[in-house]
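Notes for the one structure printed next.
The values are calculated or read from the model by the stated rules, or taken from the named source; none is laboratory data. Nothing here was measured: the structure is a model prediction, and the numbers come from that model. Positions of Cβ are generated from backbone atoms using ideal geometry, with glycine treated the same way; all protein chains shown enter the neighbour counts. We work out accessible area using only protein heavy atoms, side chains counted, and drop any ligands, DNA or RNA first. Shrake-Rupley method; radii C 1.70, N 1.55, O 1.52, S 1.80 Å.
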Amino acid sequence: MSNNTSPVSMEKLVSLCKRRGFIFQSSEIYGGIQGFWDYGPYGTALRKAIEQLWWSYTVEARSNVEGLDSTVICHPKVWKASGHLDKFGDMMTDCRECKSRHRVDQMEDPETCPNCESKDLTEPREFNLMMKTFVGPVFDEDHVAYLRAETCQPIFVDFHQVRIAARQKLPFGIAQIGKAFRNEINPRNFTFRSREFTQMEMEFFCFEEDSMTWYDYWKNERLNYYYDILGFTKEQLRTHDHDTLAHYAKAAVDIEFKFPFGWGELEGIHHRGTWDMSQHQEHSGENLEYFDQENKRKVIPTVVETSVGLDRTVLALLCNAYDEDMADTQKEGKAQEARVVFRFPAIVAPVQIAVLPLSKKLSTSAEKVCNDLRKYFRCEFDVTGSIGKRYRRQDEIGTPYCVTFDFDSLDDNAVTIRDRDTMEQVRISIDELRSYFDKKIIG
Ligand code: GAP
């Protein structure tokens, strides 16, 4: 049911996302701001559903992962210790001719401007990606602070607080979902490379001798999540082991998704060794060791990280779900008709059930059905336009189930459910709707 046979172009996707209120440029009435995106009603619902899915899969379903919600701005020394202030940048070059700026690693020929083909380029130099601000009333160097470039650093800093509060022992993880900011030189490919984005990260603290077992465990867990829960296929995902590793790391792999513009990183699984914890111990002067009661030894925990961008997951789901087909509208009593459809898994669909009264006269009774379902599912009530038009509108936003309330419903207390993908229609008693959708949507 995926769109593999009819791959979506980015132009179509961007335009549909804007038209149906999924994602659009931030501050559009001022001409937009590059690398920043707003999510409209359907985009927000989709994004929140994915966020909740990741959270329940990673944190709520396990006894050995705890949650954290830290601030975006931390003590500036955090970023000194993590190395972001000294070394978190891309090599970039400016074209003296057309004044454009480029990331050297993204240029086909590092000697030629990709914009105007001039050879008159500046020497490549490092450009730090940290976003700067000031804290307090004085705007000088002593009051500089940074918006976090990744959500994991506060996890390392808060390790003991969380461990003690949750009475956890090694091995255990701490997870966080939150905004990260990077002053990307070339934000591009819609939301893929943004300047403000959300990360979902989990740092798993363990003993060094077990760390590769945990690394393999988390790699499998994350791949299963993409296959079994988000419904991606083996052809759409690939893993890419890093060719070069940081001196402290034992392994690192990217999970990549086949976007319309090519393979792109969705998630990184990183063995981070004891690097981050050692750095924060050294820079803060606080003891970040863990006392292993069983073996009567003190250790700096070794960390295995899973790090995924929420916005990239949303984008991958949008690309995967987009489809165009000939709707078998005979089942709706009409001739065949071309339609655009998002085949989202029901669990993340922005609207899971649309309730459609066949006539405005049935609105009051139909709306009661909708309001009852709303307590358990994401629902929309739509009364305007022909039933065919309403089905197409729901297909276009990826609603898996439409419930039609007709004149017979008043007598038999039953409604017709139409399935987005099979277009099959079934008649169900209103009293059984909740358990029917529990099975279909939650599973
Ligand atoms: N803590 C490790 C870390 O931040 P990363 O590979 O730089 O590693 C992890 O980022 C994930 O965050 C990426 O796999 C991607 O999904 C997301 N991400 C990174 N930069 C991004 C950007 N500019 N726009 C959107 N998502 C981004």
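Classify the range 157-234 as rounded, prolate or oblate, taking a ≥ b ≥ c as the square roots of the eigenvalues of its Cα gyration tensor: rounded when a/c is under 1.5, otherwise prolate if a/b is larger than b/c and oblate if not.
Details: a/c = 2.41, a/b = 1.37, b/c = 1.76.
It is oblate, given that a/c is not under 1.5 and a/b is not larger than b/c.
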*With θ set to phi - 60° and the Karplus curve 6.51 cos²θ - 1.76 cosθ + 1.60, what are the ³J(HN,Hα) couplings of the range 402-417 in order, to the nearest whole Hz, using x for Gly and Pro?*
10, 10, 9, 9, 10, 5, 5, 4, 5, 8, 9, 6, 10, 9, 9, 9
*asked:* Whole-Hz ³J(HN,Hα) for each residue in the range 28-35, computed from phi via Karplus 6.51 cos²θ - 1.76 cosθ + 1.60 with θ = phi - 60°, x for glycine and proline: what do you get?
replied: 4, 5, 9, x, x, 9, 5, x
*Tell me, what is the FRET efficiency for GLU117 and ARG238 to the nearest 0.05, using R0 = 41 angstrom and their Cβ-Cβ distance as r?*
0.80
*How much solvent-accessible surface does LYS80 expose, in Å² to the nearest 10, with a 1.4 Å probe and all protein chains in place?*
90
*Could you list, in their original order, any pairs among LYS48/LYS389; LYS179/LYS219; LYS18/LYS389; LYS169/LYS375; LYS12/LYS119; LYS80/LYS250 whose Cα atoms are separated by more than 31 Å?*
LYS169/LYS375; LYS12/LYS119
*Which value, in Å² and to the nearest 10, is the accessible area of CYS74 when all protein chains are kept and the probe is 1.4 Å?*
20
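Of all beta bridges DSSP finds with both residues in the chain, what is the antiparallel percent, to the nearest 5?
On the way: 72 of 84 bridges.
Antiparallel: roughly 85 percent of the beta bridges in the chain.
Report the relative contact order of the range 287-417, percent, no decimals, based on alpha-carbon pairs under 8 angstrom and at least 6 residues apart. Each step should come with its number before you reach the end.
Details: 182 pairs, mean separation 28.4, N = 131.
Answer for the range 287-417 is 22 percent.
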_Over the chain, relative contact order from alpha-carbon pairs under 8 Å, at least 6 apart, %_ = 14
*Long-range HN-HN contacts of PHE261 with modeled amide H, under 5 Å*: none
*Using every Cα-Cα pair within the chain, state what percent have a distance larger than 36 Å.*
39
_Whole-Hz ³J(HN,Hα) from phi, Karplus 6.51 cos²θ - 1.76 cosθ + 1.60, for the range 129-135, glycine and proline x_ = 8, 5, 8, 9, 8, 10, 10
*How big is the range 300-427 in terms of Cα radius of gyration and Dmax, in angstroms?*
17.8, 70
*Out of ALA49, VAL78, CYS95, whose Cα points farthest toward the positive end of the dipole of the range 49-118 (charges: +1 Lys, Arg; -1 Asp, Glu; placed on Cβ)?*
VAL78
*Label TYR227 and TYR248 with points 7 Å out from Cα along Cα→Cβ: what is the distance between them in nm?*
3.3
*Might you report the magnitude of the Cβ-based charge dipole of the range 351-442 about its Cα centre, with Lys and Arg at +1 and Asp and Glu at -1, to the nearest 20 debye?*
340
_Going by amide H atoms built from the backbone, whose H comes under 5 Å of the H on ALA354, apart from near neighbours?_
GLU380, TYR401, CYS402, VAL403
*How do 284-295, 155-166 rank on mean C-beta neighbours within 10 Å, highest first?*
155-166, 284-295
